[in-house]
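Have a look at the structure below before the remarks.
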Amino acid sequence: MLLSEVVTSGPDFFYLAPWLVFFPVIGLLINIIFGGRFSEKVIGTVASTASGLTFVVAVLLALSLRAHHEGVTILLAEWIAIGELQLDWAFRVDTLSVTMMMVVGGVGTLIHIYAIGYMHEDVRFKNDPGRFRRFFVFLNLFIAAMMILVSGDNYLMLFVGWEGVGLCSFLLIGFWYEMDTLARASTDNAMAAKKAFITNRVGDFGFLIAGMIMFWAFKSVQFDTVFEAAHHIAELQPGIIIAITLFMLLGVAGKSAQIPLFVWLPDAMAGPTPVSALIHAATMVTAGVYLVARSAPLYMLVPQAQGIVAIVGGATALFAATIAVGQYDIKKVLAYSTISQLGFMVAAVGMGAFVAGMFHLVTHAFFKALLFLSAGSVILGVERGHHHGHHDHDDHGHGDHHDDEKSEVFDPGDMRNMGGMRKSMPVTFWLYIIGSLALAGIFPFAGFWSKDEILAEATALNFTVYILLAIAAFFTAFYMGRQIWMVFYGKPKHEAAEHAEESPPIITVPLMVLAALSILGGALNLPGVGTFTHWLEMTYEKFDLHLHHGEFNLTVAITSTVLALLAIGISWLIYGRKSVTFDQADPLKRILGPIFVGMENKWWIDELYWAVILNPYIAIAKFTADVIDWRFWHDWFHDKVIAGTFNWFSKTFLDSWIDQRGIDGFANGLAAGTKELAQRLSGIQTGFVRNYALSVFVGVVVILGYLILQ
Amino acid sequence: MLPVSYYVGLSAILFTIGALGVLIRRNAIIIFMSIELMLNAANLAFVAFARAHESLSGQIFVFFVITVAAAEVAVGLALIVAIFRNKQSIDVDQMSNLKG
Amino acid sequence: MNPVLNPLTLVTFFPLLGVLALFFIQSDRKNTLRWTALITSLITFGISMWLLAEFNAKDPELQMVINLPWIQVAGWNISFYMGVDGLSILLVLLTTFLTPISILSTWTAIEERVKDFMLFFLLLEVGMLGVFLAQDLFLFYVFWEFTLVPMYFLIGIWGGPNRMYAAVKFFLYTMAGSLLMLLAILWLGIYQDTFAVPELIAKGGIPANIQIWLFLAFAAAFAIKVPMWPLHSWLPDAHVEAPTAGSVILAGVLLKMGTYGFVRFNIPLFPAAAVKLAPWMALLAVIGIIYGAAVSYAQKDIKKLVAYSSVSHLGFVMLGLFALNPQGIQGGILQMINHGLSTGALFLLVGMIYEQTHTRDFDVYGGLWKLTPVFGTLSLIVVLSSMGLPGLNGFVGEFTILLGAFGSDAIGSPWYAGLAAIGVILAAVYMLYMFQKMFLGPEGSVVEEVKKHGHGIKDLNLREIVTLVPILILIFWIGLYPKPFFALMAPTVDKLVAAVQAAAVAMH
């Protein structure tokens, strides 16, 4: 098909929608079946191509939508059909889903390419070349699952993708499953993976319940059917809609790492850095935001539920931002920052500012992916420096196998090992600065526009949330400033940081693309132009939703910019002038005291969950299994009571009392008499057959004689 | 046609020979043959009476008897072989384990 | 219809030909014995495919019926009555499908008395197929009890160290329940004047209070077999002691005889009682789900974990069946198949690793994925299927069951399904715990231990992969496109639901 034709007549490519899933599946199958013979480059190329093709499909779908504003549903196959339950494998193409597809396909492809370089280095340091292929298989699987999630035409297909990405997250967090984050033999990574899956399952439980309520209320879980009937149901039984939306919120909290289920995301940093960037920053964790945005027609009906969602989002944004301040690991800071930013998005879509939330989702995908990948580049640089330093001392060349105690615990991700790296890794430094400024919301970077839109909407829709978010924004700028000072400025605090080397182009080029997007992403939805707003409204106008359109609010914009600059300034005052090392406490600790200890220890939420939920469950399970099921039910009740009673009945009662004393007493007496008789009669038994035969004959003769003579 | 009494007489003689054989001889095989003799004496009587009364039931009984005899011989010979393997003898007087 | 050329009699009794052939093979020619049994079971599977081809999925009634007078004395009306409908066809296929797979799994695991083993195995297949096809209560009872004997010997001869205890317990438990069922069968035969199930259903008219007693008597036999909480005490013993193939068949098919009994006899024969007792059955099912999941998590023995997980999974099946609506019952029947596949596969996998390591203790395992990538990946898929990951078979069953139970009029409250859904979380907890303990983390001590005795832990060989691949195909198939499976049972289930609803209306 000619390009001119595409642009002018706008033929539709909707039939391509299933290929969003097929391409990555084909890619992973090729790598599973033939990957054993492929070189790293080929494996990476196959996977990246598969992912790239999904982006192409997403773009074609976006072009096609210009002629079909209301969106299209492509039916692939019937899935489950029982009575009223009709579920299909059907792909929904509208502006909302296409936005997600483009983010997933686009950022996903960039990260695939980056990962070719990153994983080569990573497997080199961790001594297992076989993992390379596995990584790309998982990555393609993730793209497939994520595409199912965003393109599903009903809640259950969305749920398939929802759990599918959870699985990929599990597999990729536990990618280095035999070690911890410092490559020591340990179950830590595996435990982190399990934690992520199970925490997500708790959220999925909420999703599942929401789906069941929905089905019995609407007799369908197909988006359009539900949304059209929602008005009617909301008038009759508003409680049902509230229940659906709140149970769904539990699912959102699980996947998008909101209070109370956010605890898995920081641990998820155990996965390789491209995974943190793709799954745990840019795409998967935003699925919850997408879900609320998708369910806008439901949420808009129940302001009570909306308020709760917004508060949960706002509280998470602030809470996670405070924790980010107290972290030392470069990726952990970003992880908490992600939770916090997801809080912004959830608060936005919760308030009803769906466009703002989705806008922030898109820009966040750009700059947070950029930050994570740059952090990965930093970590690789430090590792290279670490090895370089070792090889200087150890010419035998196998330094990493015979590390001494000190280097055994060397953590290339700890910011207290870094410092002054703007000189050793200049490209990464500039990329990181761009990402940080975008995250902190400094004009004119992408984050400024999207965050500001959320804040502006919040002033109009929910002022409490605005306060929470504004403070969170202040902390955001502060912890990013702290990170920049600790990593890139000051003197190197470890020889590894001193010897760090810049990463190769395969790593830095995708980052430059992301950096460009982080700078220019704001252009998607400039105040007054509102390209993105119009784009998404194509989906929403179908349901006659009266969305609030916050105007650009100059006061809000100036306030937040001032706050951000102030925060960066304060961070310079505290961290910019002297470096933080392992020997001395964080300078902020001297100022904040116990509050900082709380931040440092993540407010002991993990410990709380262990004490309140996990340990009791384990104790109950052990008690049930050991005491109730085994000792009481199996050993005591069955073996003692049932089998014991039976044995007593048969052995003691029947056998020894009735049988032996009663019946046997009689029988034994009889037997004794018989024996006496028998002994006397036994003389007849000669043992000769002839004698017996003769007696038979005699008997016959006697009987016959009697009969004849009778 | 010969009268029935001739057949019955022959049958009685055969039966007596068989009975004496069982009672007198010690060789298990001979005893077996004697038993066969007795059975066939009975068969002869059956057939004779069946002919005389022009009824088929006697002849049917003969078939049963022949079948049973065949089975009995099979089992009996198997027993004798087994005993012979054990005792290297088929003298029935030596088989007196049942002596009281 | 000609009773000999009927696919039902053929499929049921064909394994007897294999038994006959086995008699003529010398006991020391082990491979010949194995091949004979395998080929017999494969041909049986082929015949079941013919059965499937002959089956008309749109017809809710019994098909390919054979009805011959059998014991007709003293006014008793017992017939040799077989037929297949949507409730039983999938279970017949599951049986013929799992039998060759189990036989294949014994190739190197069973070296002692191969001939007897194969003999009992084929006899067991006859019994199981008979149970699923019999339409006369007396005939059903004969097959039902008949399955006990080979299973008793399979556990008792080829089992683990504590096998006699387990075998006797298995036998006595099942027997005790069956006797109550026998009483109920006799009551029906005498008072309703027939043992044929379709005729009994057509006659109906049993007063509700008597229905409840009869229901409970049947339920005693079936609930022990399922096993429903709290009658599950025999299951961990039987599973732990049974040889791998025995565990596969026990979990895969024998337990389904219990759930099948409920849907084939309890619900249609005593609809009023079923409606009345549905909340209680659902309650026991939900307790079983949660209890089984919690107890699984605390196990130290892999096989025991899988055994207790069956209690939890079959709780889902029971919950679905007693939802008494199309979603619940269809989901329940499909979940019987799913559980047969995934738990069967789990036992196969445990058996495969046990052959190498001779231990089932979690604590010594770890890091196997690195050493045995194929084994690890296949195990992961099966584990995910077992915990109900969407896209795999377990989810389709669990979701439809929960959905059915959530809106069930018979159960009457969404709380049961809500609590059961917690079981979905807990399933992830114990299943991932098992996977993590065995496959993730650093290498466990067992790796060194095995190395001491030879060449270390090996990945799956071709035979083992061939054993597992058919199951995996079905796991994906049912997960992605379950429509053909639902289509087989839909008309029969709809008819059943309509009958139950009519009874429920009549009750009020």
>> Can you list the helices (runs of 4 or more DSSP H) lying wholly within segment A:166-282 that have 2 or more residues being of a type in the set (Val, Ile, Thr), touching a helix residue (DSSP H, G or I) at 6+ places or on another chain (Cβ under 7 Å) and in contact (Cβ under 8 Å) with a residue 40 or more places away in the chain?
In response: A:188-218, A:238-255, A:273-277
> Being buried (at least 24 other Cβ atoms within 10 Å of the Cβ) and more than 8 Å from every other protein chain (Cβ to nearest Cβ), is that true of even one residue in segment A:126-134?
Replying inline: no
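Would you check which residues across segment C:480-501 are assigned to a helix (DSSP H, G or I), in contact with a helix residue (DSSP H, G or I) (Cβ under 7 Å, 6 or more places away or on another chain), facing chain A (nearest Cβ under 9 Å) and of a type outside the set (Phe, Trp, Tyr) and list them? Working first, answer last.
Narrowing segment C:480-501 to residues assigned to a helix (DSSP H, G or I): C:480, C:483-501.
Add one more test, that the residue is in contact with a helix residue (DSSP H, G or I) (Cβ under 7 Å, 6 or more places away or on another chain), and what stays is C:485-486, C:488-490, C:493-494, C:496-497, C:499-500.
Next, only the ones that are facing chain A (nearest Cβ under 9 Å) stay: C:486, C:490, C:493-494, C:497.
Once the filter is applied, which keeps residues that are assigned to a helix (DSSP H, G or I), in contact with a helix residue (DSSP H, G or I) (Cβ under 7 Å, 6 or more places away or on another chain), facing chain A (nearest Cβ under 9 Å) and of a type outside the set (Phe, Trp, Tyr), segment C:480-501 yields C:Ala490, C:Val493, C:Asp494, C:Val497.
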> What are the residues in segment B:46-100 that are more than 14 Å from B:Asn27 (Cβ to Cβ) and within 14 Å of another protein chain (Cβ to nearest Cβ), if any?
Replying inline: B:Leu79, B:Ser96, B:Asn97, B:Leu98, B:Lys99, B:Gly100
> Considering only segment A:681-700, how many residues are more than 10 Å from chain B (Cβ to nearest Cβ) and either among the hydrophobic types (A, V, I, L, M, F, W, C) or farther than 18 Å from B:Ile24 by Cα (or both)?
Replying inline: 1
> Tell me, which helices (runs of 4 or more DSSP H) wholly within segment C:106-205 include 2 or more residues that are touching a residue at least 40 places away in the same chain (Cβ under 8 Å) and farther than 30 Å from C:Asp28 by Cα?
Replying inline: C:114-133, C:137-146, C:163-191, C:197-203
>> Restricting to segment A:441-466, and then to whatever is more than 18 Å from A:Val362 (Cβ to Cβ) and among the small types (Gly, Ala, Ser), can you tell me which residue is modelled with the lowest pLDDT?
In response: A:Ala460
> Of all residues in segment C:428-457, how many are within 11 Å of chain A (Cβ to nearest Cβ) and outside any helix (DSSP H, G or I)?
Replying inline: 5
> Looking at segment A:591-650, what helices (runs of 4 or more DSSP H) fall wholly within it and have at least 2 residues that are within 14 Å of chain C (Cβ to nearest Cβ) and more than 26 Å from C:Gln299 (Cα to Cα)?
Replying inline: A:643-647
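If only one of C:Lys304, C:Lys300 is under 12 Å from C:Tyr430 (Cβ atoms), surrounded by fewer than 24 Cβ atoms within 10 Å (Cβ to Cβ) and in contact (Cβ under 8 Å) with a residue 40 or more places away in the chain, which one is it? Please lay out each step first, then the result.
Working: C:Lys300 fails: under 12 Å from C:Tyr430 (Cβ atoms).
Going through C:Lys304, C:Lys300 in turn, just one is under 12 Å from C:Tyr430 (Cβ atoms), surrounded by fewer than 24 Cβ atoms within 10 Å (Cβ to Cβ) and in contact (Cβ under 8 Å) with a residue 40 or more places away in the chain: C:Lys304.
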>> Regarding segment A:376-391, can at least one residue be identified that is under 30 Å from A:Ser97 (Cβ atoms) and modelled with pLDDT of 85 or more?
In response: yes
>> Please count how many residues of segment C:146-177 are at pLDDT 90 or above and polar (S, T, N, Q).
In response: 1
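Residue under question is A:Ala516, and the condition is that it be in a helix (DSSP H, G or I) and touching a residue at least 12 places away in the same chain (Cβ under 8 Å); does it hold? Give the steps one after another, and end with the answer.
Numbers: in a helix (DSSP H, G or I): yes; touching a residue at least 12 places away in the same chain (Cβ under 8 Å): no.
No: the conditions fail for A:Ala516.
When you check C:Ile425 against the structure, is it under 29 Å from A:Leu87 (Cα atoms), at the interface with chain A (Cβ under 8 Å from one of its Cβ atoms) and out of contact with any strand residue (DSSP E or B) (no Cβ under 6 Å at 6 or more places or on another chain), yes or no?
Values: under 29 Å from A:Leu87 (Cα atoms): yes; at the interface with chain A (Cβ under 8 Å from one of its Cβ atoms): yes; out of contact with any strand residue (DSSP E or B) (no Cβ under 6 Å at 6 or more places or on another chain): yes.
So C:Ile425 fits the description; yes.
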> Would segment C:49-67 turn up any residue that is closer than 30 Å to C:Val350 by Cβ, at pLDDT 90 or above, not β-branched (Val, Ile, Thr) and not in a loop (DSSP other than H, G, I, E, B)?
Replying inline: yes
> Any idea which of A:Phe34, A:Phe55, A:Phe125 is at pLDDT 90 or above and of a type in the set (Phe, Trp, Tyr)?
Replying inline: A:Phe55
> Which members of segment A:180-206 meet the condition of being buried (at least 23 other Cβ atoms within 10 Å of the Cβ), of a type in the set (Gly, Ala, Ser) and at the interface with chain C (Cβ under 7 Å from one of its Cβ atoms)?
Replying inline: A:Ala190
> So which residues in segment A:43-96 are over 19 Å from A:Val160 (Cβ atoms), crowded, with 20+ Cβ neighbours inside 10 Å and in contact with a Pro (Cβ under 7 Å, 6 or more places away or on another chain)?
Replying inline: A:Ala50, A:Ser51
> Just one of the numbered conditions (1) in a helix (DSSP H, G or I); (2) within 14 Å of another protein chain (Cβ to nearest Cβ); (3) surrounded by fewer than 24 Cβ atoms within 10 Å (Cβ to Cβ) is not true of C:Pro236; which one?
Replying inline: (3)
> So which residues in segment C:409-420 are at pLDDT 90 or above and either crowded, with 24+ Cβ neighbours inside 10 Å or more than 9 Å from chain A (Cβ to nearest Cβ) (or both), if there are any at all?
Replying inline: C:Trp415, C:Tyr416, C:Ala417, C:Leu419, C:Ala420
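Based on this model, can you work out whether C:Phe406 counts as touching a residue at least 40 places away in the same chain (Cβ under 8 Å), hydrophobic (A, V, I, L, M, F, W, C) and within 11 Å of chain A (Cβ to nearest Cβ)?
Numbers: touching a residue at least 40 places away in the same chain (Cβ under 8 Å): no; hydrophobic (A, V, I, L, M, F, W, C): yes; within 11 Å of chain A (Cβ to nearest Cβ): yes.
Against the criterion (touching a residue at least 40 places away in the same chain (Cβ under 8 Å), hydrophobic (A, V, I, L, M, F, W, C) and within 11 Å of chain A (Cβ to nearest Cβ)), C:Phe406 does not qualify.
The values are calculated or read from the model by the stated rules, or taken from the named source; none is laboratory data. Small disclaimer: the values here were computed from a predicted structure and weren't measured. Glycine also receives a Cβ, built like all others from the backbone with ideal geometry; neighbour counts cover every protein chain displayed.
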